[in-house]
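Novice: I'd like to ask some things about the structure below.
The values are calculated or read from the model by the stated rules, or taken from the named source; none is laboratory data. Everything numeric in this text was worked out from a predicted model, so none of it was measured. Here the Cβ positions follow ideal geometry from the backbone for every residue, glycine too, while neighbour counts run over all protein chains shown.
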Amino acid sequence: MNTDTHAAHADHHHDDHSHGSLSTYLLGFVLSVVLTAIPFWLVMSGALPSKQITALVIMAFAVVQIVVHMIYFLHMNTKSENGWSMMALIFTIVMVVIALSGSLWVMNHLNSNMMPIHEMTGMK
């Protein structure tokens, strides 16, 4: 294999697996920091009126941050790997929805089904 053919093959191989540049990694990092700092501030300041709204907003930020990580750090898009990356994204979104809704359901039922302390003290 001559040098020109090898260089063309290397360029083609590089196009199939596009890696991010420093600027895209920095943009992904900045977005990740912002998407972490805002929910932290919301919880610490008590800016939102209820705990349920705060939890929903934090989960929305978590979902956005997962997508940011998948795009900027895992390089998933519709063009790479013949669309299998997009299938992985859809699968991840479905799994996140199941995990988040299941976690909320379990926490809600644990909270409502726990025996209050004052009932335990009267059971002598």
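Novice: In the stretch 37-66, which residues are in contact with a Phe, Trp or Tyr (Cβ under 8 Å, 6 or more places away or on another chain) and touching a residue at least 12 places away in the same chain (Cβ under 8 Å)?
Specialist: 38, 39
Novice: Take the residues in the stretch 59-89 that are among the β-branched types (Val, Ile, Thr) and part of a helix (DSSP H, G or I), then tell me which one is nearest to residue 19 (Cα to Cα).
Specialist: 71
Novice: Considering only the stretch 39-51, how many residues are exposed (fewer than 14 other Cβ atoms within 10 Å of the Cβ) and either in contact with a His (Cβ under 6 Å, 6 or more places away or on another chain) or under 29 Å from residue 88 (Cα atoms) (or both)?
Specialist: Residues flagged as exposed (fewer than 14 other Cβ atoms within 10 Å of the Cβ) and either in contact with a His (Cβ under 6 Å, 6 or more places away or on another chain) or under 29 Å from residue 88 (Cα atoms) (or both) within the stretch 39-51 amount to 1.
Novice: Follow-up. Does residue 102 qualify as being assigned to a helix (DSSP H, G or I) and on the phi > 0 side of the Ramachandran plot?
Specialist: no
Novice: Have a look at 54, 92, 36, 24 and point out the one that is assigned to a helix (DSSP H, G or I), in contact with a Gly (Cβ under 9 Å, 6 or more places away or on another chain) and either surrounded by 13 or more Cβ atoms within 10 Å (Cβ to Cβ) or not acidic (Asp, Glu) (or both).
Specialist: Every option except 54 fails the conditions.
Novice: Kindly list, by first and then second residue, each pair from a residue in the stretch 74-91 that is among the aliphatic types (A, V, I, L, M) to a residue that is part of a loop (DSSP other than H, G, I, E, B) and modelled with pLDDT under 75, limited to pairs with Cβ atoms under 8 Å and residues at least 6 apart or on different chains.
Specialist: Final answer for the pair search is 86/77; 86/78.
Novice: Mind checking whether some residue in the stretch 74-93 is more than 20 Å from residue 27 (Cα to Cα), at pLDDT 90 or above and hydrophobic (A, V, I, L, M, F, W, C)?
Specialist: no
Novice: For the stretch 42-71, how many residues are at pLDDT below 90 and hydroxyl-bearing (Ser, Thr, Tyr)?
Specialist: The number of residues fulfilling the criteria is 0.
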